[in-house]
Structures are given as structure tokens and as C-alpha cells.
Amino acid sequence: MNTPESSIVIDEVLLNDAPAGDLRFTIDTPATGATADGYLVRAQGWALGADIHAITAYDVGTLVASSSEWHARPDVDTAVECGFTVDIPTLGLPTTFELKVCAETPAGRVRLATVNGRRRLLPADKWDDDGPSLLAITGLGRSGTSWLMHLLGRHDDIVIDPRWPQELSSTTFGATTLRRLLDHPHGLDHPPTQELTASGTWWTSWSPYELPGVPEWYAGEHVEILAHAMRDDMSSLARARAKRSVRYFAEKTRPNTDTRLALELFPRAREIVLVRDFRDVLTSIFAFNARRGDAFGRDRVESDADYVRLFAGSCRALETWVERNPEALIVKYEDLVSDSKPALRRILSHLDLPASASDATTLLAASDTDEMQDHRTSDTPAESIGRWRTDLPTDLQELAEQEFRQSLNFFDYA
């Protein structure tokens, strides 16, 4: 699909013709065929019934915007304030995006509309490209990302957070900060130390987007200036961490809009998607939690079976991520631990770094640590492959096979 001439093009808006219960709604904007300059898509309309507590927008299951503010709609026959406005940032969305606008109710999330559109990326050609670039190590927890970071950190051209398990993320900090500066001027989430009047916000108005000049602010270069500044901050952190000239700063990332925004901020960035048999990932999560307490979202559901269903959503998100990011290099955990040298040479080649057998051997000489051993849930790397067949209860094996089938097929684990 061609790059849009306008910054944003709305190709299609599909309304939910049969919402559950007594929910009634209208979406006024955006409309099919609409165009705009800048970095915001505005969803406006009204909704009644079902005790709605917020209107939200999602990109492949990731929340990107939310509003629980309501205003009067004189054109709707009701005394209840039912009008809503949700301003959805496009930074970090794919160039061809699909947004779900939803109503959050006590009974669950109800889709109101699907917004399909296209957007331009930030104008990277205006930016100074000196300094280290991002190396994103994208994967799900318990997939081996800590081990891969440990190996790559031995390379002279790659800098990482040296503290196990290498979790420092300037990209997450930068993307979150940039979003807060651009997306949430309404005051609902302002810092508690920010002194504001009862009726004020960061913008001294409850409806900043309606103020003269504010829409133009979002359509102009101001957003790009802030994005550039945040990118420089991330580069400065990488330089301080390296204390020398390096090609990349490597960080763990997740398949979400914050990572996509970080990749957009660094046009020379490279990405490695580390994938592991999702049944083994699940088994490792359960073993890890048995030692340390619930983590990886297990506390969000009541049973292990419910968690399998919840985790299946993460598997599909990684699948969708790979489909949308064809430039990323897919590396299997199983190859990394059982056939390490060829896997590392593929990685180094992807990074345009020397990729001889001796280069791979140098990385593999990374010494083990007590922290790394404690991080593992199997005695040896070889024993971590296929452990679901013996360590995962039969009922959960069958459920995982069912819930993960599409993702297992996609990554050739079936």
C-alpha cells in the first residue's frame, strides 16, 4: 500500500452492528476517507447503557488510549452525559494500522468500531544519525532473552546493562515519557507533585484539544522536536553506559507499541525476535513461579488453565508482531542453546558485524554466574528443550496444544 500523502489516512471505519445488551452508541469521527496531518487520531461519539466506565483504543491487544471523561450531547435524547473524545496517538503504530475502539463495562470489553488506516513515520531524514543505534531483543519472558543479552554484551560493538538480568530499558522509559508528554495532557494522570488548580491540568484546561492552536501544535513540528529530543536522551544514556564508541545499545523489548516507537526513533535499529516453544515457556513460567511466587501475569487469573488461555494472547501478539516486522531476524531459543555458533553467526551477520566462527566462539566464552544459574529452572540447557512433555500436567498439555496451535504452527513448532 502506498505511503499516504497526508500524515494520516482513514481507509475504513467498521461499526459493530450488534453490540451486547442495551449498549447504544455512535462514532462521529473518524470517518472513512478522512485525512489529517500530525500524530493523533480523534475518536468522538456517544455511548449509553451497560454502565460504561471508559472508552479505550487498542492496537493488537495493547492499550494505546483511554478516556473516562464524559460530556453532554444535546443531540441525544438523554439527560446523562454520554459524549466521549479519545485522542489516539499514532506514534508507534504500524504504518498500516488497525485500531479497536471499545467500551469498558463491568461485563467486559465491547468493541464499538474498528478503524483501519495508514500513517507516515517520523521524518528521520532530519535527524543526526551519529551515535549508537538500538538493538531490540524482542521476546516473551522465559524465552532466553537474558542469556542472549549476556552473550551479546561481550561484543565490543554492543553495550548492555551489565547487571543481571539486563533489565534496564531506556527505550521503555523514553517511549513512555514521550507518550505522556504528547498523549495525556488532560490531567487525569498528572504527577502528584505537580501543583495544579482544581480545574486545571498540564494545559490549564480540561479540554486542551479544543483550544485554539493545540490541534495545530500536534500537526506541526513540535511533536517531531520532542521525539528527536527523547531519541538524543536515549543515545546519551547508551554512550554513558558504554564509555566508548559502539554500534548498538541492546535492550530487551516486548512486542508492543512502545517498542515500535523506539524502532521508529532509531531508523538504523536492528531487531532480533527470540522465540521458544510456547509450551516450554509456559512450563518454565510455572517452575519459576513455584520458586519465587506468581509473576508473568499469573496473579491476574484464578487458575493455571485460565493462565494458559491468557498466555495464548501473548503468543498471538508475538506472531502478529513478526508478520508486521519482516525486517526482524527470528532466532529460535532451541538453536541458540543447542547449535550456538551458527545461531550467533546469523545474529552477527544481521547486525553487519564480523561473523566468523571465532567471533561466535568469543561470545560463547561468556562466563556463567550465580545469578544466571539461579534464573534457570532446568539443570542444563539441553534439559530445557521439550520439558513440557514431562513437566507440564497432561490436562494443561492438551489445553496448551489447543490454545497455542496457531502460534506453534506459525513458528514451526507443531
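The values are calculated or read from the model by the stated rules, or taken from the named source; none is laboratory data. The structure presented is a predicted model; accordingly, all values stated were derived computationally and were not measured. Don't worry about glycine lacking a Cβ; one is built from the backbone with ideal geometry, like all the others, and counts go over all protein chains shown.
Here are some notes:
- Residue match in the stretch 97-106 (condition: touching a Phe, Trp or Tyr at 6+ places or on another chain (Cβ under 8 Å), among the acidic types (Asp, Glu) and without any contact (Cβ under 8 Å) to a residue 60 or more places away in the chain): no
- Every residue from the stretch 155-184 that is crowded, with 19+ Cβ neighbours inside 10 Å, at pLDDT below 80 and part of a loop (DSSP other than H, G, I, E, B): 166
- Search result, residues across the stretch 86-100 that are crowded, with 18+ Cβ neighbours inside 10 Å, farther than 24 Å from residue 312 by Cβ and in contact with a strand residue (DSSP E or B) (Cβ under 7 Å, 6 or more places away or on another chain): 86, 87, 88, 89, 90
- The residue pairs whose first member lies in the stretch 77-95 and is assigned to a loop (DSSP other than H, G, I, E, B), whose second member is among the hydroxyl-bearing types (Ser, Thr, Tyr) and modelled with pLDDT under 90, and whose beta carbons are closer than 6 Å, counting only pairs six or more residues apart or on different chains, are 90/39; 91/39; 92/257.
The rows are residues; the columns are (1) under 13 Å from residue 25 (Cβ atoms); (2) surrounded by 13 or more Cβ atoms within 10 Å (Cβ to Cβ).
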site	(1), (2)
53	no, no
61	no, yes
67	no, yes
75	no, no
79	no, no
84	yes, yes
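- The stretch 13-49, subset in contact with a Pro (Cβ under 8 Å, 6 or more places away or on another chain) and assigned to a loop (DSSP other than H, G, I, E, B), residue farthest from residue 257 (Cα to Cα): 38
- Filter pass, residue 37 being surrounded by 19 or more Cβ atoms within 10 Å (Cβ to Cβ), in contact with a helix residue (DSSP H, G or I) (Cβ under 6 Å, 6 or more places away or on another chain) and not hydroxyl-bearing (Ser, Thr, Tyr): no
- Residue in the stretch 283-306 that is within 30 Å of residue 120 (Cα to Cα), touching a residue at least 24 places away in the same chain (Cβ under 8 Å) and surrounded by 18 or more Cβ atoms within 10 Å (Cβ to Cβ) present: no
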